[in-house]
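Structure first, commentary second.
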Amino acid sequence: MQESPSATIEQFLTWLEHEGKSSNTISTYHQELKKYEIWLQDHNQKLEDITQQDVQDYILFLEEKGKSPTTTDKVLGVIRTFGKYLKRPAVTFDIKIKQGIKKDEIETLSKEECTTLLSEVKESENERNIAIVYMLLHTGIRVSELCALNISHIDFRGKQVNVLDTHGDIRSIPLSEELIEYLSFYLNAFQPKKAVFVSKSNERLTERSVQYMLKKFHVNAQKLRHTFCQHLIDHGVSLEVVSKLAGHRDINVTKRYARSRVPDTEFERAIRQTFSKDS
């Protein structure tokens, strides 16, 4: 259950309303500012008295926790707006933040970020949204494949889902125990007839509606799919297996996840160990 905002945050939220911000934006600002306020309290500081150093220290704290540059930049944006409200915009001047990822790198969620995401989704107490996030994160299916799922594609006895891709091929993906649990909760609550994931009016969910829901949790389906593949690679699963589970038609696509986790020094070590005079 979400805590009521402090007086300072309450006044800031009211100011945002007068500024014409949407309810979703205000909700996001509230969540992020509350986290920052708690961090400040742990450091014996008050939100209304923040300094430039407080902001820089918090950004460094988020980076050390493994938050992505996209996330830290979003948080800095919230604090920047708050600084504007305080009439002290200088508190966010010259804040150093890590550069964004390179185009050839893959953006994924860390284990900690996955835990945080799942906790936030569960707090929403929406069985359907919980099941959707678990399905995307634990099977790596595309959002188009998720929306096309029918009840007949779910095999609870065999603990797997049969996914039809855009090329007409079917691949079977095992279901994790957690996914089975939350998928069962959802199906019992919504009682869909044909499509697995439906709206309140029992219409098949669209890709756009799923993406809109995920946006509330500051994530997208592609990032969850990347995370699925990356976590498998990190746990020693072979490229061939990951390629089949993800439905990659070209294994070179799968190889990107292996490259993203192997530093250049590891490649150098592999060559020297294999082709040294003593080997």
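The values are calculated or read from the model by the stated rules, or taken from the named source; none is laboratory data. These figures come from a predicted structure and were not determined experimentally. A quick note on method: Cβ atoms are made from the backbone with ideal geometry, for glycine too, and the neighbour counts reach across all protein chains shown.
I'm trying to understand the selection: among the residues of segment 52-101, which are of a type in the set (Lys, Arg) and either in contact with a Cys (Cβ under 8 Å, 6 or more places away or on another chain) or free of Cβ contacts under 8 Å to residues at least 60 places away in the same chain (or both)? Residues satisfying the conditions are LYS65, LYS67, ARG80, LYS84, LYS87, ARG88, LYS96, LYS98.
Condition check ((1) β-branched (Val, Ile, Thr); (2) in contact with a strand residue (DSSP E or B) (Cβ under 6 Å, 6 or more places away or on another chain); (3) more than 30 Å from ASN252 (Cβ to Cβ); (4) at pLDDT 95 or above) across all residues:
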site	(1), (2), (3), (4)
LEU76	no, no, yes, no
LYS103	no, no, no, no
THR108	yes, no, no, no
LEU117	no, no, no, no
ARG128	no, no, yes, yes
ALA131	no, no, yes, yes
LEU136	no, no, no, yes
VAL143	yes, no, no, no
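One line per residue, one yes/no per condition, for (1) over 17 Å from the mean Cα position of the chain (by Cα); (2) over 22 Å from LEU164 (Cα atoms); (3) assigned by TED's automatic domain parsing to the domain that holds ARG142; (4) loosely packed, with under 14 Cβ neighbours inside 10 Å:
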residue: VAL198; (1), (2), (3), (4): yes, no, yes, no
residue: LEU224; (1), (2), (3), (4): no, no, yes, no
residue: THR227; (1), (2), (3), (4): no, no, yes, no
residue: GLY236; (1), (2), (3), (4): yes, yes, yes, yes
residue: LEU239; (1), (2), (3), (4): yes, no, yes, no
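Taken over segment 108-158, the criterion of being more than 17 Å from GLU207 (Cβ to Cβ) and basic (Lys, Arg) is satisfied by LYS111, LYS122, ARG157.
Screening segment 106-126 for residues that are more than 21 Å from THR28 (Cα to Cα) and among the charged types (D, E, K, R) and picking the one that is surrounded by the fewest Cβ atoms within 10 Å (Cβ to Cβ) gives LYS111.
Against the conditions (1) of a type in the set (Asp, Glu); (2) free of Cβ contacts under 8 Å to residues at least 40 places away in the same chain; (3) under 13 Å from LEU146 (Cβ atoms), GLU203 satisfies every one except (3). With a requirement of 1 or more residues that are closer than 30 Å to ALA7 by Cβ and among the polar types (S, T, N, Q), the helices (runs of 4 or more DSSP H) lying completely within segment 44-144 that satisfy it span 52-64, 69-85, 111-123.
Taking the conditions (1) outside any helix (DSSP H, G or I); (2) closer than 21 Å to GLU112 by Cα in turn, GLU32 satisfies each one other than (1).
Quick check, is LEU187 assigned by TED's automatic domain parsing to the domain that holds GLU207, free of Cβ contacts under 8 Å to residues at least 60 places away in the same chain and more than 21 Å from the chain's Cα centre (by Cα)?
yes
List the number of the failed condition for ASP165; all other conditions in (1) in contact (Cβ under 8 Å) with a residue 60 or more places away in the chain; (2) buried (at least 17 other Cβ atoms within 10 Å of the Cβ) hold. Going through (1) in contact (Cβ under 8 Å) with a residue 60 or more places away in the chain; (2) buried (at least 17 other Cβ atoms within 10 Å of the Cβ) one by one, ASP165 breaks only (2). Applying a threshold of 7 Å to beta carbon distances and a minimum spacing of six or more residues, or different chains, the list of pairs starting in segment 21-32 at a residue that is in contact (Cβ under 8 Å) with a residue 40 or more places away in the chain and surrounded by fewer than 18 Cβ atoms within 10 Å (Cβ to Cβ) and ending at one that is of a type in the set (Asp, Glu) and not in a helix (DSSP H, G or I) is empty.
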